[in-house]
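The values are calculated or read from the model by the stated rules, or taken from the named source; none is laboratory data. Here the structure is a predicted model, which means the values were calculated and not measured. Cβ atoms come from the backbone with ideal geometry, glycine included; neighbour counts cover every protein chain shown. Accessible surface areas use protein heavy atoms only, side chains included; no ligands, DNA or RNA. Shrake-Rupley method; radii C 1.70, N 1.55, O 1.52, S 1.80 Å.
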Amino acid sequence: MAIDFTLTDAQRRLRDDAREFATQVLAPVVRQADEEPDPLRAFQLTRPAYVEAYKQGIAFCMLPGEYGGGGLSNVDVLIAGEELCAVDPGFACTVLVNGLGLMPVWYWGSDEQKDRFLRAATSDPACEYLVGYAVSEPAGSPGGTANFDAPLAHPVGIGVTARRDGDEYVLNGRKFWPCNVAGWDGRGADVSIVIARTDTGKGGTEGLSAFMLERGTPGVEYRLISKIGHRLAPNAEIVFTDARVPAANLVEGTRGNGDLLINRNFAWSGPVAGIAAVGVARSAYEAALDFARTYTAGGPRPIIHYQNVGYVLGDVAARIEMCRYFCWKAAHYLDRHDYHGELIGAMCKIQCTELLFDAVYKCMQVVGVNSVDRTRPFEKLLREAAVLPLYDAGNFGMQRRRVHGILAHPGFDPRALADDEFVAFDKTMETIDTVPA
Ligand SMILES: Cc1cc2nc3c(=O)[nH]c(=O)nc-3n(C[C@H](O)[C@H](O)[C@H](O)COP(=O)(O)OP(=O)(O)OC[C@H]3O[C@@H](n4cnc5c(N)ncnc54)[C@H](O)[C@@H]3O)c2cc1C
């Protein structure tokens, strides 16, 4: 049977183990960390849970087994990920970013780089190893991230520069938003992948490469950012002032192709963001259903017996099912096509995060005014759901543009996804919609 949604015994165990971790280890720290005003302190409160996640193989579950990773398929990452996201998508975001930082080394690194960076991540005796992924840059003119591929001269687009000097590259400029990069103490993750312009004579998609920035590199400063949601995940500004990185840390196959890394990474994470929306909406739906089954609102029977309540919750439940299966399909596509999903990953992320943001609010309408009481879960769930369409390459400025760029290509086959055919993505599909008409 080619299409079968039944989980294998191993997948059921994976789901159950992830659920147990999420409810027994993660859940007890969520409220305090979410309410902690200092973003670094909030992240530090998650440290014991992270150490346990590391020990259980969750923190690097997406890396290949041959380098000590969990060796999970993309589908299996989602099965486990939904359970974490139902409890806290910010914590899950930290794990996701470990993948965004190291998957490119697996795709494009030399054997020596794979050995050095992947094995270090999976063999930390302290079980605290953390990896950052630094693409995004500060808002401003020029600035932001959505138009990183605008076909204009530097400093438009990615503004952080890396100038070759002997056996080193010298980095200058600022990043803003990258997750995990500041580490547990605000002084740097163990390692972060940084996209920088190695050729300032070029702009747009040209002359971008990826570097592995190691903790302790002089000339790098971090400042934590306080956010409305995903408060358990640490985002930071990075300032590079003549920071020297060994030339051997330029990820071999990304030389001049940092743009393709950005698009491949943000597409790989599409179904992960989608399943985060599923997890968050699932929690809102279950809380709303529970409320509707017990609350009478002064009437003779619980409000679930009113037609509008039943219809709305039925629609919400259906959307959650739809989105879960779209995420599984997108992950399955990534598994079958060498972790390329530039089209389906974007489509999945856009639809799931937007449909399910609305679903969370619908749950609040069913519950009514009591949903805004902060002793109930909805306020936090709404904040978390609001982040999902905006982060991980915004649905407006980045993900929809990638879909547009592929659809506009003369060679695009509109049946490719249905037929499970490989949809190629190359530089000719970038830059679309970057220069306003
Ligand atoms: C929890 C969290 C985790 C994150 N983790 C990371 C991380 O690990 N690494 C990292 O690098 N970043 C990270 N980010 C940042 C994230 O990936 C953002 O999606 C990214 O910075 C792009 O933001 P943006 O799309 O709003 O871009 P901006 O450049 O700020 O664009 C803002 C808006 O302008 C409009 N716009 C801009 N250009 C266009 C266009 N060409 N066409 C149409 N509209 C346009 C859109 O409305 C867009 O939403 C994280 C953010 C959060 C909140």
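Listed here are the residues, each with its yes/no results for (1) within 15 Å of the ligand (Cβ to nearest atom); (2) in contact with a Gly (Cβ under 8 Å, 6 or more places away or on another chain); (3) in the same structural domain as residue 94 (by TED's automatic domain parsing).
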| residue | (1), (2), (3) |
| --- | --- |
| 156 | yes, yes, no |
| 160 | yes, yes, no |
| 169 | no, no, no |
| 181 | yes, yes, no |
| 185 | no, no, no |
| 196 | yes, yes, no |
| 200 | no, yes, no |
| 204 | yes, yes, no |
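Cβ-Cβ distance below 6 Å, separation of 6 or more or different chains: which pairs start in the range 206-221 with a residue that is in the same structural domain as residue 245 (by TED's automatic domain parsing) and end on one that is among the acidic types (Asp, Glu) and open to solvent by less than 10 Å² (accessible area, probe 1.4 Å)?
208/259
Among the residues of the range 280-301, is there at least one that is closer than 22 Å to residue 394 by Cβ, under 21 Å from the mean Cα position of the chain (by Cα) and modelled with pLDDT of 95 or more?
Yes: the range 280-301 contains one or more residues that are closer than 22 Å to residue 394 by Cβ, under 21 Å from the mean Cα position of the chain (by Cα) and modelled with pLDDT of 95 or more.
Could you check residue 357 against (1) closer than 30 Å to residue 309 by Cα; (2) touching a Pro at 6+ places or on another chain (Cβ under 8 Å); (3) part of a loop (DSSP other than H, G, I, E, B) and say which number it fails?
(3)
Let's see how each residue does on (1) farther than 30 Å from residue 234 by Cβ; (2) buried (at least 20 other Cβ atoms within 10 Å of the Cβ); (3) within 11 Å of the ligand (Cβ to nearest atom); (4) more than 26 Å from the chain's Cα centre (by Cα):
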site	(1), (2), (3), (4)
350	no, yes, no, no
360	no, yes, no, no
371	no, yes, no, yes
379	no, no, no, no
386	no, no, yes, no
410	yes, no, no, yes
421	yes, no, no, no
433	yes, no, yes, no
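Name the residue that is farthest from the chain's Cα centre (by Cα), counting only residues in the range 388-408 that are closer than 13 Å to residue 353 by Cα and either touching a residue at least 60 places away in the same chain (Cβ under 8 Å) or in the same structural domain as residue 178 (by TED's automatic domain parsing) (or both).
Step by step, filter the range 388-408, then rank; the result is 396.
Among (1) surrounded by 22 or more Cβ atoms within 10 Å (Cβ to Cβ); (2) of a type outside the set (Gly, Ala, Ser); (3) part of a loop (DSSP other than H, G, I, E, B), which single condition is residue 104 missing?
Going through the list (1) surrounded by 22 or more Cβ atoms within 10 Å (Cβ to Cβ); (2) of a type outside the set (Gly, Ala, Ser); (3) part of a loop (DSSP other than H, G, I, E, B), residue 104 breaks only (3).
Please go through the range 1-20 and pick out each residue that is within 20 Å of the chain's Cα centre (by Cα) and open to solvent by less than 40 Å² (accessible area, probe 1.4 Å).
18, the sole residue that qualifies.
Of all residues in the range 388-397, count the ones that are on the phi < 0 side of the Ramachandran plot, hydrophobic (A, V, I, L, M, F, W, C) and either part of a helix (DSSP H, G or I) or open to solvent by less than 20 Å² (accessible area, probe 1.4 Å) (or both).
The qualifying residues number 2.
I'm checking my understanding of the structure. Among residues of the range 41-71 that are of a type in the set (Gly, Ala, Ser) and part of a helix (DSSP H, G or I), which one is most open to solvent (accessible area, probe 1.4 Å)?
65
If I filter the range 398-408 for residues that are away from the ligand (no atom under 15 Å from the Cβ), on the phi > 0 side of the Ramachandran plot and assigned to a helix (DSSP H, G or I), do I get at least one hit?
No, the range 398-408 has no match at all.
Can you name the residue in the range 120-150 that is more than 10 Å from the ligand (Cβ to nearest atom), at pLDDT 95 or above and part of a loop (DSSP other than H, G, I, E, B) and is also least open to solvent (accessible area, probe 1.4 Å) among such residues?
130
Would a scan of the range 182-190 turn up a residue that is in a strand (DSSP E or B), surrounded by fewer than 20 Cβ atoms within 10 Å (Cβ to Cβ) and in contact (Cβ under 8 Å) with a residue 12 or more places away in the chain?
Going residue by residue through the range 182-190, those that are in a strand (DSSP E or B) are none.
No, the conditions are met nowhere in the range 182-190.
May I ask you to say which residue of 356, 313, 260 is touching a residue at least 24 places away in the same chain (Cβ under 8 Å) and under 30 Å from residue 150 (Cβ atoms)?
Working: 356 fails: under 30 Å from residue 150 (Cβ atoms); 313 fails: under 30 Å from residue 150 (Cβ atoms).
Being touching a residue at least 24 places away in the same chain (Cβ under 8 Å) and under 30 Å from residue 150 (Cβ atoms) holds for just one of 356, 313, 260, which is 260.
Looking at (1) β-branched (Val, Ile, Thr); (2) part of a strand (DSSP E or B); (3) open to solvent by 10 Å² or more (accessible area, probe 1.4 Å), which one does residue 200 not meet, given that it meets all the others?
Going through (1) β-branched (Val, Ile, Thr); (2) part of a strand (DSSP E or B); (3) open to solvent by 10 Å² or more (accessible area, probe 1.4 Å) one by one, residue 200 breaks only (2).
Test of understanding: among 274, 229, 299, which residue is assigned by TED's automatic domain parsing to the domain that holds residue 136, out of contact with any strand residue (DSSP E or B) (no Cβ under 8 Å at 6 or more places or on another chain) and either in a helix (DSSP H, G or I) or surrounded by fewer than 23 Cβ atoms within 10 Å (Cβ to Cβ) (or both)?
Matching residue, one of 274, 229, 299: 229.
So residue 80 clears everything in (1) within 16 Å of the ligand (Cβ to nearest atom); (2) touching a Leu at 6+ places or on another chain (Cβ under 8 Å) except one condition, right? Which one?
In the conditions (1) within 16 Å of the ligand (Cβ to nearest atom); (2) touching a Leu at 6+ places or on another chain (Cβ under 8 Å), residue 80 misses (1) alone.
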